[in-house]
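Read through the structure below, which is laid out as structure tokens, and then see the notes.
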There are 4 protein chains.
Amino acid sequence: MQAREMIGSHPAVGGNVNEALIQCIEECYDCAHVCTSCADACLAEDMVAELRQCIRLNLDCAEVCLATGAVATRRTGSNPEVIGAMLDACATACRRCAEECERHVDEHGHCRICAQTCRRCEEACGQARAGLP
Amino acid sequence: MQAREMIGSHPAVGGNVNEALIQCIEECYDCAHVCTSCADACLAEDMVAELRQCIRLNLDCAEVCLATGAVATRRTGSNPEVIGAMLDACATACRRCAEECERHVDEHGHCRICAQTCRRCEEACGQARAGLP
Amino acid sequence: MQAREMIGSHPAVGGNVNEALIQCIEECYDCAHVCTSCADACLAEDMVAELRQCIRLNLDCAEVCLATGAVATRRTGSNPEVIGAMLDACATACRRCAEECERHVDEHGHCRICAQTCRRCEEACGQARAGLP
Amino acid sequence: MQAREMIGSHPAVGGNVNEALIQCIEECYDCAHVCTSCADACLAEDMVAELRQCIRLNLDCAEVCLATGAVATRRTGSNPEVIGAMLDACATACRRCAEECERHVDEHGHCRICAQTCRRCEEACGQARAGLP
């Protein structure tokens, strides 16, 4: 992804980028994709009936990550209240999805990658949150 | 919209629908559309340079409302932590967008409708939040 | 929804609204919600393993409808090539989802409502397509 | 991004991944982010009134890319009609956005990066389209 180059070229930023927020934006888009993919892979598993909650949490997490990534990308407009609330929601969605995927890491490679990705995104949301004004 | 009929036909619900959540889902989708439309109308105004923050808040609000509407629609999977965090974020995004649109209600009919719609959605998110377990 | 009021208040429209496009925007948002809800209800059914393809088509249709609804809402910027391609894609996604849901109308009320909604949206996309310049 | 690892771990794929589709998925998510960022940067420019069409095409392209990326990620469910129509729509949205951004590459670094990214995504959609059954 090119979050650093894009935000660095924003007229209101002038090269003075917020590294924690950039990291968070990249993790959000990556996590949205991984969760969308994990939901589809879970749906194809023989044990799909046991993966219902995993699929729902995957879909929720994908949705929240995308909205957070977009709001964080527009943050140069100075909207710390909304971005702060979304970073909180996103960390929660990532944690809940990771907890569920972690129960299936031995059986499903997609759940293993998804759990790791959600934990990275949860951490990045927390770091970005700490760096807000 | 048909949120009541759809949620009433969900096998885990059995007709026992949460009215505050249904109202909130309908307001979220409506508000997402109105904010998308208000952003485009603001962009076409002669005074676009003074509406930058309004456009950004419109776009943020649209994004957060859609994610909240989808997560709330899937709530029958029992995910009160994520839905609660999203209802908080959505009420915040709606309030911020309404505050900005309210500054332009005399000049722009789209901001007037958008401000009213955001206030309704903010209220519906609060009611749905209060009704969560 | 308030698509007519919002588009009517757009400075580039001046009250001269395209009725077929407005109908289509409203159907797209409604269909996006119904498909999201049907996917979640299918996931909760005992026979979930037989509903995998239905769930995937529901999720695809929801995604395509939302993108189409947003692009159509911004059409006042005159982007007939993109909106035309999206109306085609949306009619296809709605038709495929309807065909699958129609196989389950006797067993699942959510599939019955979803099939009808997808058919309405498919029709509205076709009408809006025919009215493009 | 981790599209290759995720799709490779899907039970219906068995390591036999479609390289053109994976490349396309990654370009779609990247392009969605870059277009969202370019719209916000354009909005902050002094000459915002001349960038209206660029902002609209950015927002349309972001929306279409995300929907295409998600539908393509779920393609393992075999939905070539919908994914084909979305790849067509996405190539169109990327081309239109690139054409507009290319008019501003000398003045705005964000438009330069965005034009290049849209052209890459347009090309990747075409390649993925050619590889569909």
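Here is how the numbers come out for the structure above:
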{"quantity": "Residue that is nearest to residue D:67 (Cα to Cα), among those in the range A:23-46 that are free of Cβ contacts under 8 Å to residues at least 24 places away in the same chain and surrounded by fewer than 21 Cβ atoms within 10 Å (Cβ to Cβ)", "calculated": "A:44"}
{"quantity": "Candidate set from the range A:47-72 (those that are small (Gly, Ala, Ser), surrounded by 24 or more Cβ atoms within 10 Å (Cβ to Cβ) and without any contact (Cβ under 8 Å) to a residue 40 or more places away in the chain); member that is farthest from residue A:116 (Cα to Cα)", "calculated": "A:70"}
{"quantity": "Criterion: modelled with pLDDT of 95 or more and in contact with a Leu (Cβ under 6 Å, 6 or more places away or on another chain) - qualifying residue of A:70, A:39", "calculated": "A:39"}
{"quantity": "All positions within the range A:105-128 that are part of a helix (DSSP H, G or I), touching a residue at least 60 places away in the same chain (Cβ under 8 Å) and either within 14 Å of chain D (Cβ to nearest Cβ) or of a type in the set (A, V, I, L, M, F, W, C) (or both)", "calculated": "A:110, A:111, A:113, A:114, A:117, A:118, A:120, A:121, A:124, A:125, A:128"}
{"quantity": "Only listed residue being of a type in the set (A, V, I, L, M, F, W, C), touching a Gly at 6+ places or on another chain (Cβ under 8 Å) and not in a loop (DSSP other than H, G, I, E, B), chosen from B:91, B:41, B:70", "calculated": "B:91"}
{"quantity": "Subset of the range A:1-22 (residues that are open to solvent by 20 Å² or more (accessible area, probe 1.4 Å), within 26 Å of residue D:22 (Cβ to Cβ) and not charged (D, E, K, R))", "calculated": "A:1, A:2"}
{"quantity": "Residue list for the range A:88-133, restricted to those being closer than 25 Å to residue A:18 by Cβ, open to solvent by 50 Å² or more (accessible area, probe 1.4 Å) and not polar (S, T, N, Q)", "calculated": "A:88, A:95, A:119, A:120, A:123, A:129, A:130, A:133"}
{"quantity": "Pair list, Cβ < 6 Å and 6+ apart or interchain, from the range D:73-98 residues that are more than 7 Å from chain C (Cβ to nearest Cβ) to residues that are open to solvent by 20 Å² or more (accessible area, probe 1.4 Å) and in a helix (DSSP H, G or I)", "calculated": "D:83/D:75; D:87/D:129; D:91/D:122; D:91/D:126; D:94/D:122; D:95/D:122; D:98/D:119"}
{"quantity": "Subset of the range B:1-31 (residues that are modelled with pLDDT under 95 and of a type in the set (S, T, N, Q))", "calculated": "B:2, B:9, B:16, B:18"}
{"quantity": "Which listed residue is among the aliphatic types (A, V, I, L, M), in a loop (DSSP other than H, G, I, E, B) and either more than 11 Å from chain D (Cβ to nearest Cβ) or within 18 Å of the chain's Cα centre (by Cα) (or both), from A:17, A:13, A:64, A:34", "calculated": "A:17"}
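The values are calculated or read from the model by the stated rules, or taken from the named source; none is laboratory data. Keep in mind it's a predicted model, so treat the numbers as computed, not measured. Glycine gets a Cβ as well: all are built from the backbone with ideal geometry, and neighbour counts include every protein chain shown. The accessibility values were calculated without ligands, DNA or RNA, using every heavy atom of the protein model including side chains. Shrake-Rupley method; radii C 1.70, N 1.55, O 1.52, S 1.80 Å.
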